[in-house]
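Scroll down for the structure; my scribbles are underneath it.
The values are calculated or read from the model by the stated rules, or taken from the named source; none is laboratory data. On a predicted model such as this, the values are computed, not experimentally measured, just so you know. FYI the Cβ positions are ideal-geometry reconstructions off the backbone, even for glycines, and counts take in every protein chain you see. In case anyone asks, the SASA skips ligands and DNA or RNA and just uses the protein heavy atoms, side chains included. Shrake-Rupley method; radii C 1.70, N 1.55, O 1.52, S 1.80 Å.
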Amino acid sequence: MDSVLQKVVREVIDFYDGIRDIPITPEVTVSEIRRHLKHRYGEFAGPIPLEEVLDDVFSMMRKWMVHNTHPCYYGLFNPSVHLASVVAETLVAAYNPQLAVWRQAPGAQEIERYTLEFFSGKLGFDPKTSFANFTYGGSEANQTAVLAALTHVFPEYGEDGVSSIPSRPMIYLSGECHHSFEKIAHMVGLGRRALRLVNMDEKLKLDPDDLLNKIKEDEDKGRKPFMVVATAGTTGAGVIDPLPELAAIGRDRNLWIHVDAAWAGAACLSEKLKSSIQGIDAADSITWDAHKWLSVPMAAGMFFCRHRETVARTFGVRTSYMPDATEDTFDPYVNTIQWSRRLLGLRVFMTLAELGAEGYREEIEKQAEMGDALRAGLKERGWRIVNDTPLPVVCFTHERIESGAVTTAEILKKIYARKKCWISDVVLGGRTRALRACVTSYRTEKRDIDLLIREVEEAFSSCSPA
Ligand SMILES: *Cc1c(COP(=O)(O)O)cnc(C)c1O
């Protein structure tokens, strides 16, 4: 055990320390990987010493992945992760606590409760009366929201299903919302056509007037609007929908307001940024991923809800082999989608404990500043910024891209081949294709921003002979 674990410790340290020198993009074909696995492991006929397996895994991971913990990875909210969270994950695997019921792992349960109450308070919910749980990710949190909303608005849904609801239930969201809702509408039996896309203004924010129009149109057709999804920090462009206006509409018309703040929820930890998500506290439910801007490993989403009773009704169940729920403790198996349940929250608890709220604030604000620096640097060199957000995601284009002389795909290909930075592209509002760079690492420094700008310029100029 000792030598195996020493080896792992060495690798984690070397990987952390050496990350800047590792090629950020892999160069490999699928057949190469499959051949390797076949050659090395065959039919798993005989045992292999764990140290040998480790060497092989280290090598595969280092060579064959996009290194999203690299400070020059400007991708899709996959963060660099704090040491505390890496250690936490190791401990969770070793202790393997079962969090389905409180009595099985009281310490772990209370660690999660305590952590969630802190974040719940930061969002402006009352931690003592509202509901919160850790999810596998934002998609599970969004699904929880839709299930809770259906159960809340349609008392017959739980026992008799969607088909028992006399008029067709509809959900309203913008075209820039997260695509998990398509899968969710499919899964919960609403059907994908229950999603009604509301127009956006020129800044890609959901337009409240069009929302009211669409609601009216649907009501006239005998449909039943029951939920509005507002996005706080769209995946593509970091746009924040007008939360206070949408909350007011929800209140007036008895609609469930869900705020999908998977990435930008963390803004509530910053005095500077929290005004940008003002109004989030009026939501019925909120999605916020710890595994995005809180810089912990994946599989740590969070779901918050004002209606504790509704959630308990949605997921309530009785068995002979599990204990009945108690008054003053929390049994996740009767309150959430999952049954057997990993201790998801330790990585968040340990990181929060180590950094403190102040440490998180500094990190989040530093990343926002890096985003500002990137925006300014690109503008200076003649790029056009196409999104408008206080968050560190920058979508940009150039007149030569807009005229069709150069494509974003060509530029990306060159950037990936150079293996120093990673960015992506995106189509905004169904029209404008742009390059997209998002600061996702707390380790990104000004020099990394400068490097990104140089790489973009280099790739661009090699695409477009003057
Ligand atoms: C990432 C994201 C999701 C999905 O979350 P996962 O954790 O990937 O399941 C949902 N909504 C928004 C706005 C996101 O950015």
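The charge dipole of segment 81-140, taken about its Cα centre with unit charges on the Cβ of Lys, Arg, Asp and Glu (plus for the first two, minus for the last two), comes to roughly 100 debye.
Taking N as the number of residues in segment 362-420, what is its Cα Rg relative to 2.2 N^0.38 Å? Mind dumping the intermediate values first?
Values: Rg = 13.2 Å, N = 59, 2.2 N^0.38 = 10.4 Å.
For segment 362-420, the normalised Cα radius of gyration comes out at 1.28.
Computing the accessible area with a 1.4 Å probe over protein heavy atoms, can you report the carbon and sulfur percentage for the chain?
Numbers: 11400 of 21610 Å².
Carbon and sulfur together cover 53 percent of it.
For segment 50-161, the alpha-carbon coordinates run over 56, 34, 33 Å along the three principal axes, in decreasing order.
Beyond 17 Å, what share of the Cα-Cα pairs of segment 177-312 remains, rounded to the nearest whole percent? Percent of Cα pairs beyond 17 Å in segment 177-312: 62. Here Lys216 is the anchor, and the lysines within straight C-alpha reach of less than 27 Å, apart from those fewer than 8 places off in the same chain, are Lys183, Lys203, Lys205, Lys224. The Cα-based radius of gyration of segment 1-52, divided by its Kirkwood radius, gives an Rg/Rh of 1.08.
Packing, as the average of other Cβ atoms within 10 Å across residues, places the peptides 440-447, 257-264, 136-143, 268-275 in the order 257-264, 136-143, 440-447, 268-275, highest first. P(r) tail for segment 245-296: Cα pairs beyond 17 Å make up 39% of the total. For the chain, the per residue solvent-accessible surface stands at 46 Å², with DNA, RNA and ligands left out and a 1.4 Å probe.
When the convex hull of the C-alpha atoms of segment 422-462 is computed, what volume per residue in Å³ does it have?
With only Cα atoms used, segment 422-462 gives 77 Å³ per residue.
The Cβ shell under 13 Å around Gly316 holds other residues with a net charge of -1, Lys and Arg each +1, Asp and Glu each -1. Taking the charge dipole of segment 219-324 about its Cα centre, with +1 at Lys and Arg Cβ atoms and -1 at Asp and Glu Cβ atoms, the residue from Ile286, Ser276, Ala266 reaching farthest to the positive side is Ile286.
The distance from the alpha carbon centre of segment 346-372 to that of segment 223-247 is 25 Å, rounded to a whole number.
Of the two radii for segment 297-351, the radius of gyration is 0.99 times the Kirkwood radius, both from the alpha carbons; that is the Rg over Rh value.
Using the Cβ-Cβ distance between Glu410 and Arg253 with R0 = 51 Å, the FRET efficiency computed as 1/(1 + (r/R0)^6) comes to roughly 0.60.
Dividing the convex hull volume of the Cα atoms of segment 99-235 by its residue count, what figure in Å³ per residue is obtained? Walk me through the numbers before you get to the answer.
Details: hull volume 19.2 nm³, N = 137.
Dividing the Cα hull volume of segment 99-235 by its residue count gives 140 Å³.
Let me see the pair-distance distribution of the chain: every alpha carbon pair, 10 Å bin width, integer percents in order. All Cα pairs, binned at 10 Å, distribute as 4, 18, 26, 26, 18, 7, 1, 0 percent.
When the Cα positions of Thr351, Ala145, His398 are compared along the charge dipole of the chain, His398 comes out farthest toward the positive end, with charges on each C-beta of Lys, Arg, Asp and Glu. Counting only Cβ charges, +1 for Lys and Arg and -1 for Asp and Glu, the dipole size of the chain around its Cα centre is about 940 debye.
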